[in-house]
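Heads up, the thing below is written out as structure tokens.
The values are calculated or read from the model by the stated rules, or taken from the named source; none is laboratory data. All figures in this text were calculated on a predicted structure; none of them were measured in a lab. Note that we place each Cβ from the backbone using ideal geometry, even for glycine, and neighbour counts take in every protein chain shown. What goes into the accessible areas is simple: the full protein's heavy atoms, side chains included, and nothing from ligands, DNA or RNA. Shrake-Rupley method; radii C 1.70, N 1.55, O 1.52, S 1.80 Å.
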Amino acid sequence: MKITDVRAHALRTTDQLLQFKEEWPARRIDSVFLRVLTDEGLEGHCITWLCGIGEASDAMPKLRSVLVGRDPQDVEAISFELTDRLHFPAPMWSAADICLWDLIGKGHGLPVYKVLGAARDRIRAYASTLMYETVQEYVDLALACRAEGFNAFKLHAFGVPDKDIEVCRAVREAVGPSMDLMLDPINAYDRREAIRVGRVLEELDFYWYEAPIADTDMHGLEDLTRRLDIPITALESVHDGLRVYPRYLARHAVDSVRSIGDRIGGITVMRKAAALCEAYNVKYEPHSFGTTLVQAAHLHLMLAIHNCDFFESPVPQGLLDWGMADTIRVGPDGFVEAPTKPGLGYDVDWDDIDDRILSDLDSPVVFR
Amino acid sequence: MSGSNGSRATVPTPTRIDDVKIVDVRFNLLEPPAQVLRYREDWPPRRNIPALVRIVADNGVEGHCLRGWLPPGMLRDAAPKLKRVLVGRDPFDSNAISYDLTDKLQRLDWITSVVDIALWDLVGKLLDTPIHKVLGGARDRIRAYASTISYDTVEEYIDLALQCREQGFNAFKVHAFGVPEKDIEVCTALREALGDSMDLMHDPVNAYDRRGAHEVAAALTDLGFHWFEAPIADADLIGLQDLTRRHPIPIAAAESVRDGLRAQPHYLESGAIDSSRSIGDWVGGITALRKIAAVCDAFNICFEPHSYGTTHIQAAHLGIMLSNHNCEFFESPVPQGIFDFGMADVIRVDPDGMVTGPTKPGLGYEVDWDEIRALTVEELSVVSA
């Protein structure tokens, strides 16, 4: 199989503004549908949402020059080249890697996790929220998620210690012991605040405490990991990805490692990160918060490793499912199942995609 | 959009500076220079799209920074944020603006870093003072080294080194092939041609694996090189630590660490490097460079940021170097003048191998408006975007 072309389209997403903590303004999502075309008529797909439309346009000449004429199965070589040997990972290189894995799976008629080497067919999911204005909205959403089957729930709260403590208490009170709970303030606290919130989360028996302080503050994380009993998980925002993890693992600065596969180099690099964590006997808990195809890319990786507890499911379910014919949904027992279709296993809805295309990113950006 | 780049960045007199507000951020996208650039054999040669960033104050003063490459798509993406963060702000609130632009120095990029540099240019112009004096002058001059692009033959490096020595340089840094045996060959030939007349450095831009790096480090030690830069992936902390322990030649690295300031302690505390490098036009501009210099000062090691790029990029780093003690060298791109497009004023080495700080306010080097107008392909305003 040979790659014949690379195309990208800017997609209209949703009018809803998304917010994840108070200090980040609510923002409209940009989204890019990346397609890798082949001489066999198969296409590899990814809908990425982590880079701007302009950044995606900037990436197209290099994507074309590296990919066209190549065999998608040379994914390790291609990804290495796109990321300059993992020195400069970026969302569009990661999206291309995900497209290549989609193609590899489709070429074999197998779901990606089977090609990677399956470890299991299902994984427990947690519901992962946006930021809301009121405590009541979190409580209502947690109960709604429980009714859908979830038995784990992660709050993206305000990123403000006292308010976060309040909402965590309220959610624990509302759901009792029926759900595992996590808090993710996305690096918002200083060291002192992080300890204070962590003590409350211990009292509330939370399952993990995510990204309490700046991910680069290795000593701060080390200290939190020692002093708190609640497991600390972090490193999602480490921009250099794989090669930065060893220093955290060697010092036991985190209890588990998080990654954004759609930024640090796709499935190829996550597979390496998972092996690294396994060698340290540490859980690898990449995010999977994103479009359906971004969720799927992480799901396949999760199903091909043992050392990951949870799939992250954006809620309300369906929030980021634009452009899709197939979507990922939690089952009544709180698990998500592997897809059965080949490749990433979730097909786009071409009619919906057609309606959503704002522009083709085939020509250099011109200022309006 | 109509071109209105005729407004000159001269300081009206008298200027009230206690109530100045930023009213716009503008970009002039420029024609790529003819020069094709290459720094390593495995990187394809490239022609980049330069842009002039202009922060416009309500009293007509403009802060400028011209960079050799700002991706046009990313510039467009950044416009709403730049408008939200900068328009209406007091240009003297640089630390607040820096945090707003970079999410507290946690999300770094070229554009916000260049905007920070342009902001400092504006601050210096409003104060009618060169940047290094605003930051707190430590000295007015600094030794320079000539810094090459990649060439095809050993002979070209030797010719260039001799030409640089003619011009006053007594230090010379090679960006060679990024291939150990070939790089050792060019370094050996240079030492032979120059004798002891120049300090020499070598920068393979993270190209080697650990084994290749050890071979080259041993060779450079024998050749009496001054430093060995970016031998392996900057992220390979243990590999760097080992190189720094085993070889007498000082190891300089960390330029390509994308997390900037807060990743510096990882390297300094573990003694992984002998001196630390940064790219101010990535890590958050002058505001961030000043902090990294302080961290290095605390660890008693030299902070050797690059200053490779356009005149304004050179000038921004020169401002940091002249306002700190713990930096040995200014990095001067050679042949001198290769990145001086669009400028009325430029930086040149003195006959004694030093460069001298500017006397004009701000970054201290003004653009040539006629040339900028002629080179401008497209103009963007964050207010009208």
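Annotations
- Residue selected from the range B:69-98 under the condition within 9 Å of chain A (Cβ to nearest Cβ) and touching a Phe, Trp or Tyr at 6+ places or on another chain (Cβ under 7 Å), by the criterion nearest to A:Ile29 (Cα to Cα): B:Arg76
- Check on A:Gly261, within 17 Å of A:Ile123 (Cβ to Cβ), away from every other protein chain (no Cβ under 14 Å) and crowded, with 19+ Cβ neighbours inside 10 Å: yes
- Taken over the range B:36-70, residues that are without any contact (Cβ under 8 Å) to a residue 60 or more places away in the chain and of a type in the set (Asp, Glu) amount to 1.
- Selected residue [within 14 Å of chain B (Cβ to nearest Cβ) and either closer than 16 Å to A:Gly345 by Cα or in a loop (DSSP other than H, G, I, E, B) (or both)] from A:Phe88, A:Phe80: A:Phe88
- Extreme residue, farthest from B:Gln336 (Cα to Cα), among residues of the range B:141-150 that are open to solvent by 10 Å² or more (accessible area, probe 1.4 Å) and modelled with pLDDT of 95 or more: B:Arg141
- Each residue in the range B:77-93 was checked for being acidic (Asp, Glu) and either open to solvent by 70 Å² or more (accessible area, probe 1.4 Å) or not in a loop (DSSP other than H, G, I, E, B) (or both), and 1 of them qualify.
- Segments classed as helices (runs of 4 or more DSSP H), wholly inside the range B:271-385, with at least 2 members that are more than 14 Å from every other protein chain (Cβ to nearest Cβ), at negative phi and surrounded by 22 or more Cβ atoms within 10 Å (Cβ to Cβ): B:280-283, B:285-298, B:311-322
Yes or no, residue by residue, for (1) within 14 Å of chain A (Cβ to nearest Cβ); (2) open to solvent by 10 Å² or more (accessible area, probe 1.4 Å); (3) assigned to a helix (DSSP H, G or I):
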site	(1), (2), (3)
B:Asp100	yes, yes, yes
B:Arg107	yes, yes, no
B:Ala118	no, no, yes
B:Lys125	no, yes, yes
B:His132	no, no, yes
B:Ala138	no, yes, no
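- Those residues of the range A:226-242 which are of a type outside the set (A, V, I, L, M), outside any loop (DSSP other than H, G, I, E, B) and open to solvent by 10 Å² or more (accessible area, probe 1.4 Å), in sequence order: A:Arg226, A:Arg227
- Taking the range A:185-211 as the range and being within 14 Å of another protein chain (Cβ to nearest Cβ) and of a type outside the set (D, E, K, R) as the test, the residues that pass are A:Pro185, A:Ile186, A:Asn187, A:Ala188, A:Tyr189, A:Ala211.
Listed here are the residues, each with its yes/no results for (1) open to solvent by less than 10 Å² (accessible area, probe 1.4 Å); (2) away from every other protein chain (no Cβ under 11 Å); (3) touching a residue at least 40 places away in the same chain (Cβ under 8 Å).
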position	(1), (2), (3)
A:Asp5	no, yes, yes
A:Arg12	no, yes, yes
A:Gln19	no, yes, yes
A:Thr38	no, yes, yes
A:Gly41	no, yes, no
A:Gly54	yes, no, yes
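For every residue, the table says whether it meets (1) under 30 Å from B:Leu261 (Cβ atoms); (2) open to solvent by 30 Å² or more (accessible area, probe 1.4 Å); (3) assigned to a helix (DSSP H, G or I).
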{"residue": "A:Ile123", "(1), (2), (3)": "no, no, no"}
{"residue": "A:Glu133", "(1), (2), (3)": "no, yes, no"}
{"residue": "A:Val139", "(1), (2), (3)": "no, no, yes"}
{"residue": "A:Phe150", "(1), (2), (3)": "no, no, no"}
{"residue": "A:Leu181", "(1), (2), (3)": "no, no, no"}
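- Selected residue [in a loop (DSSP other than H, G, I, E, B) and either aromatic (Phe, Trp, Tyr) or open to solvent by less than 10 Å² (accessible area, probe 1.4 Å) (or both)] from A:Gly290, A:Gly318, A:Gly331: A:Gly290
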